[in-house]
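**Student:** Just passing along the structure, written as structure tokens.
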Amino acid sequence: MTYFVTGATGFIGRHLVERLLERDGDVFALVRPGSLDRLEAMIERWGANGRVHPVVGDLGAPLLGLDPSAVEALRGQVDHVFHLAAVYDMTADEERNRIANVEGTAHVVALANAIDAGRFHHISSIAVAGRHKGLFREDMFDEGQKLDHPYYRSKFESERIARRQTRMPWRVYRPAVVVGDSRTGEMDKIDGPYYFFKLIQRLRGWLPEWFPLVGPELGYTNIVPVDYVAAAIDHIAHAEGHDGQAFHLASPRSQRSGDVINAFAEAAHAPQLAMRIDRRLTQALPKGTISMLMKLPAAQGVRRSLLSDIGIPDEIVDHIALTAQFDTRDTERALEGTGIAVPELSTYATKLWDYWERNLDPDLFRDRSFEGAVNGKTVLITGASSGIGRAAALKIARAGGIPLLVARSVDKLEDTRREIEALGGTAYVYTADLADTASIEGLTERIFADHPAVDVLVNNAGRSIRRSIALSYDRFHDFERTIQLNYLGTIKLIIQLLPHMRERRTGHVVNVSSIGVQTSPPRFSAYVASKAALDAFTRVVASETIGDGVTFTTIHMPLVRTAMIAPTRIYDSFPTISPDEAADLVCEAIRARPKQINTRLGTFGEVAYALMPRAVDQILHMAYRVFPDSAASKGESDPTEHASTEQVALAHLMRGVHW
């Protein structure tokens, strides 16, 4: 037997060619010039040197771009033409579908006619059924079904060409949703149910396996493994008495989407849907309610953002559920006695999941390194002369970033710049008083005169005051000073940079906040209030700028051993993190761009206050009694001041909190 195969290097194609070679036949494989190396590698893998003959051509050209001598050489030599080359992609647009699927099929049929091929095998799709409701039999084709997607229309038109324009006997095969090999899990792209794998993986990371989930029942789907599809095509193509027929290569029983998701969730050891909401509940709403809602630009933006975050293309959501059930009785009769049948998904879901997680997970190919996130980027860091800011600047410069160092003290900034340059990096120094709005305006004017853009802003500069309210009755300026620097100065700098970031449609702002915002420790009313105001500002503005590609991260920083806490002598015995460790959190904020970076204790503090605020007040009042005002807060100096055993014990119990 001699075969001419289009799409031989494709997913179904290479599995089919492997089976054809087992029949001791020769295969002419249509291949684009750019795919020759790929085909040669497959020939080596198959051990088929001398039996697979590359035919360099173009699906989009008449007679596939073959010259007359090549066409003549094939005339009368081909027993079977298998046409698999096509776009199998629900995200492809109308033009791409038309050129590849419709015009491509017409060109393949014309060549098959020109070379007097023995039989034409067209690999179509259950997509030809479009939005048909009810049972779609294998002898059905043009039933007036609704074809409301470019892919549906292109598969319908290409099958019509195969049926009407071939001059030799033809057979049509309509695979359902094709997934990986049921024996090995091998797959070559993210498609169909694979779009939901990232969501399943994330749920596994967020929740324990036993956690019961509630989710929508999207309807029915139909999934088959590629090895079944290739085996069925190979057998039916060589069996007698099937010319002029179409065969549904589908599961005899369609699967509920919830069952499919649960099968893969079980394979991933992720939580499963314990309760499913029937989509008919939403369909019971007044006609057009949901569709009208989703036409609103704001609703569309939310939907796109949510889907993009878990890797699901917006274009496929409305086409997940099949409206038709597919009759497979002709296929089952043709395969009777062969042992070729669709296996239950539960028997091979684990293989599909394992292969995806080891080979196809997009995160495997994403540069998740800090170097990749910061290399060549301009990063403006306030408070860069010492502590967290200085440590972060050094790490950014080592990773290839360009830190713009901002503080009031030029001498310390120059020391940091010289250290960065000694390491082979580049840094720039700018002095400014971030409590003065005029100084901030001058700062940004100088920066934009020197640099085309600021990619990342790290708001690290801040002022902390530890003083009880009883000692603050005549010190209203404490609140004015902290709010001026920690809040007003910070948002002034953000506002100065935001227009440029939004215009470029990219930018990230890192705000160094405090665990105190989450835990409300006594004696920090001025400091915590200023940081809480910044947190609130950030939450509001982030929702306005996310559509322009500008994002924010808030770091609720635990206690850090810097010059800021030095006046409180009891902190000398408290557990703290180092500036270098704090800088690592800043770098992680730049790398991953999360909404927040929190400690477990900080998160616990927020949850506890939401659930039992009065009890939290009592606990914090105990800490208020245990940790007195320092000598510095009273304007005094006491060299003998030190932490008691009780204070150290409580500080270790609530590690990282400012007491």
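Nothing in this text is a laboratory measurement; each read-out follows from the coordinates by a stated rule. What you see is a predicted model; the values in this text were computed from it and never measured. Cβ: placed from backbone, ideal geometry, glycine included. Neighbour counts: every protein chain shown.
**Student:** Counting pairs of alpha carbon atoms under 8 Å apart in space and at least six apart in sequence, what relative contact order in percent does region 1-175 give? Numbers along the way, then the final one.
**Tutor:** Working: 309 pairs, mean separation 38.0, N = 175.
Relative CO of region 1-175 lands at 22 percent.
**Student:** Amide H of Ile465: which non-local residues (sequence gap of 5 or more, or other chain) have their own amide H closer than 5 Å, using H built in the peptide plane?
**Tutor:** Tyr527
**Student:** Based on Cβ point charges of +1 for Lys and Arg and -1 for Asp and Glu, what charge dipole magnitude is obtained for the chain about its Cα centre, in debye rounded to the nearest 20?
**Tutor:** Details: 74 positive and 82 negative charges, 312 e Å.
With Lys and Arg at +1 and Asp and Glu at -1, about 1500 debye.
**Student:** Here's a follow-up. Please report, to one decimal in angstroms, the Kirkwood hydrodynamic radius of region 54-206 built from all distinct Cα-Cα pairs. Intermediate values should be presented prior to the final figure.
**Tutor:** Numbers: mean 1/r = 0.0580 Å⁻¹.
Mean inverse Cα-Cα distance, inverted, gives 17.2 Å.
**Student:** Quick one: compute the contact order of the chain, relative version, from alpha carbon pairs under 8 angstrom and 6+ residues apart, as a percent. If you can, show how the numbers build up before the last one.
**Tutor:** On the way: 1156 pairs, mean separation 61.9, N = 659.
Reported relative contact order: 9 percent.
**Student:** Moving on to the next point. Diagonalise the Cα gyration tensor of the chain and give the resulting equivalent ellipsoid semi-axes, square root of 5 times each eigenvalue, largest first, whole Å. Walk me through the numbers on the way to the answer.
**Tutor:** Values: eigenvalues 839, 159, 96 Å².
Computed over the chain, the values are 65, 28, 22 Å.
**Student:** Find which of Ala542, Phe4, Ser125 sits farthest along the positive direction of the dipole of the chain, computed with +1 on the beta-carbon of Lys and Arg, -1 on that of Asp and Glu, about the Cα centre.
**Tutor:** In the chain, that residue is Ala542.
**Student:** Another question about this same structure. Counting only complete DSSP H runs, which helices of the chain cover 24 Å or more along their long axis at the Cα atoms and score a mean Kyte-Doolittle of -0.5 or above?
**Tutor:** Qualifying helices, which must be both long enough and hydrophobic enough, are 525-545.
**Student:** Which aspartates and glutamates, if any, have their Cα less than 17 Å from the Cα of Lys133, not counting same-chain residues under 8 positions apart?
**Tutor:** Qualifying aspartates and glutamates at Cα under 17 Å: Asp142, Glu143, Asp148, Asp318, Asp327.
**Student:** Distance cut-off 28 Å, Cα to Cα: go down the list Lys395/Lys492; Lys351/Lys595; Lys377/Lys595 and report the pairs above it. Present the calculation step by step, with values, prior to reporting the outcome.
**Tutor:** On the way: Lys395/Lys492 26 Å; Lys351/Lys595 34 Å; Lys377/Lys595 20 Å.
Beyond 28 Å: Lys351/Lys595.
**Student:** Here's something else I'd like to know. Taking K and R as +1 and D and E as -1, what net charge do the other residues with C-beta under 13 Å from the C-beta of Leu63 add up to? Provide the component values of the computation, followed by the final result.
**Tutor:** Details: positive: Arg75; negative: Asp58, Asp67, Glu72, Glu103.
With Lys, Arg at +1 and Asp, Glu at -1, the net is -3.
**Student:** Also, quick follow-up: Please name whichever of Asn101, Ala85, Val172 sits farthest to the positive end of the charge dipole of region 1-175, dipole taken about the Cα centre and charges placed at Cβ: Lys and Arg +1, Asp and Glu -1.
**Tutor:** Value: Val172.
**Student:** Please identify every one of the GluC sites (Glu not before Pro) in region 404-440 that sits in a loop by DSSP and has no more than 10 other beta carbons within 10 Å of its own beta carbon. Provide the component values of the computation, followed by the final result.
**Tutor:** Working: sites: Glu414, Glu419, Glu421; in loops: none.
Loop-located and lightly packed - none at all.
**Student:** Starting from the Cα gyration tensor of region 1-99, take the square roots of the eigenvalues, sort them a ≥ b ≥ c, and report rounded, prolate or oblate (rounded when a/c is under 1.5, otherwise prolate if a/b is larger than b/c, else oblate).
**Tutor:** Oblate.
**Student:** I've got another one for you. Around Ala407, with a cut-off of 12 angstrom between Cβ atoms, what is the net charge of the other residues, counting Lys and Arg +1 and Asp and Glu -1? Write down the numbers at each step before the final one.
**Tutor:** Values: positive: Arg390, Arg408, Lys412, Arg417; negative: Asp411, Glu414, Asp415, Asp433.
That sum, taken over residues with Cβ under 12 Å, equals 0.
**Student:** OK, next. Per-residue counts of other Cβ atoms within 10 Å, averaged by peptide: what ranking do you get for 382-389, 18-25, highest first? Each step should come with its number before you reach the end.
**Tutor:** Values: 382-389: 25.5, 18-25: 14.9.
Final packing ranking: 382-389, 18-25.
**Student:** Here's something else I'd like to know. What does the charge count near Gln77 come to, summing +1 for each Lys or Arg and -1 for each Asp or Glu among other residues with Cβ under 12 Å from its Cβ?
**Tutor:** Values: positive: Arg75; negative: Asp26, Glu72, Asp79, Asp116.
Charge balance in the 12 Å sphere: -3.
**Student:** OK, next. Counting helices only, and only those DSSP H runs with n ≥ 4, report the 222 nm mean residue ellipticity of the chain as the sum of -39,500 (n - 2.57) divided by its residues, in deg cm²/dmol to the nearest 500. Spell out each step's value before the answer.
**Tutor:** Numbers: 26 runs with 271 residues, N = 659.
Helix-only estimate at 222 nm: -12000 deg cm²/dmol.
**Student:** Taking H as built 1.01 Å from N, whose amide H comes closer than 5 Å to the amide H of Ser520, not counting residues under 5 places away?
**Tutor:** Here nothing satisfies the definition.
**Student:** Now for a different question. Put +1 on the Cβ of each Lys and Arg and -1 on the Cβ of each Asp and Glu in the chain; which of Gly134, Ala110, Ser182 then has its Cα farthest toward the positive end of the dipole?
**Tutor:** The Cα lying farthest towards the positive end belongs to Gly134.
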